[in-house]
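Taking it in order: structure first as structure tokens, then the write-up.
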Amino acid sequence: MSRVGKRPVALPKGVTAKIDGQTVIVKGPKGELSFTVPDVVTLSEGEDGITVTPVDESKKARSMWGLSRSMIANLVQGVTDGFERKLEINGVGYRASIQGKNLQLALGFSHEVLYPIPEGIQIQCPKPTEIVVNGIEKQRVGQVAAEIREFRPPEPYKGKGVKFAEEQIIRKEGKKK
């Protein structure tokens, strides 16, 4: 039994959800998102929110039950609060800035790295060594943050590179004589 799938997804004030067959369309103050659930689960809307139930007791239906409920909860959170990932830059001379519709990164290469900011994603640089990625779609926010991190992942000896703010870098000891 899915413990995640049992709970209904509550709809906060100002958020509306419409169920159209297997598709859920959620509208809120930040925008509109939709998700199509697999055929092995069914959707229903009640006074306590959206409820997801499996069609049968198969392994596929039970696994999609919790996943579908989590995806719908992410839609609701996205249109109300949005999602945010913070990145930190460590290293001498490493910095980031916004240049028009591009994120400009100086990461120790012979050239500046320009990353075009995708539609629906906002990127801010409150400090030259900090990047904040915001958006309403959890998957896209995480993907953009991962793509920025890929330009210079943190290395284990000095910790230089781009890392997630909550990430712990396991440091290695250097050579010994």
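Structure data summary
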| read-out | value |
| --- | --- |
| Relative contact order computed over the chain (Cα-Cα under 8 Å; 6+ residues apart), in percent | 18 |
| Two-decimal Rg/Rh across the range 83-164, once Rg and the Kirkwood Rh are taken from alpha-carbon atoms | 0.94 |
| Residues LYS176 and SER97, FRET efficiency given R0 of 25 Å [Cβ-Cβ distance, rounded to 0.05] | 0.05 |
| Within the chain: Cβ-based charge dipole about Cα centre, in debye rounded to nearest 20 (Lys, Arg +1; Asp, Glu -1) | 1020 |
| Charge context of GLY91, other residues only, Cβ under 12 angstrom, K/R +1, D/E -1 | +3 |
| Likely footprinting exposure, LEU67, LEU103, fewest C-beta neighbours within 10 Å first | LEU67, LEU103 |
| Estimated inter-spin distance, ILE25 and GLN104, nm [label 7 Å along Cα→Cβ] | 4.2 |
| Sequence-distant lysines (8 or more away, or on other chains) whose Cα lies within less than 26 Å of LYS175 | LYS158, LYS160, LYS163 |
| Listed peptides 130-143, 50-63, 68-81 by packing density, highest first (mean Cβ within 10 Å) | 68-81, 130-143, 50-63 |
| Per-selection Kirkwood Rh - the chain (Cα, Å, 1 d.p.) | 18.7 |
| Cβ-Cβ FRET estimate between PHE151 and LYS127, R0 fixed at 22 Å, reported to 0.05 | 0.75 |
| FRET efficiency for ASN90 and ALA10, using Cβ-Cβ distance with R0 set to 35 Å, rounded to 0.05 | 0.30 |
| Those chymotrypsin sites (Phe, Trp or Tyr not before Pro) in the range 39-113 that DSSP places in a loop and that have at most 12 other beta carbons within 10 Å | PHE109 |
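Every number in this text was worked out from the coordinates using simple rules, so none of it is lab data. Remember, predicted model here, so these are calculated numbers, not experimental data. Reconstructed Cβ throughout: ideal geometry from the backbone, glycine too, with neighbour counts over all protein chains shown.
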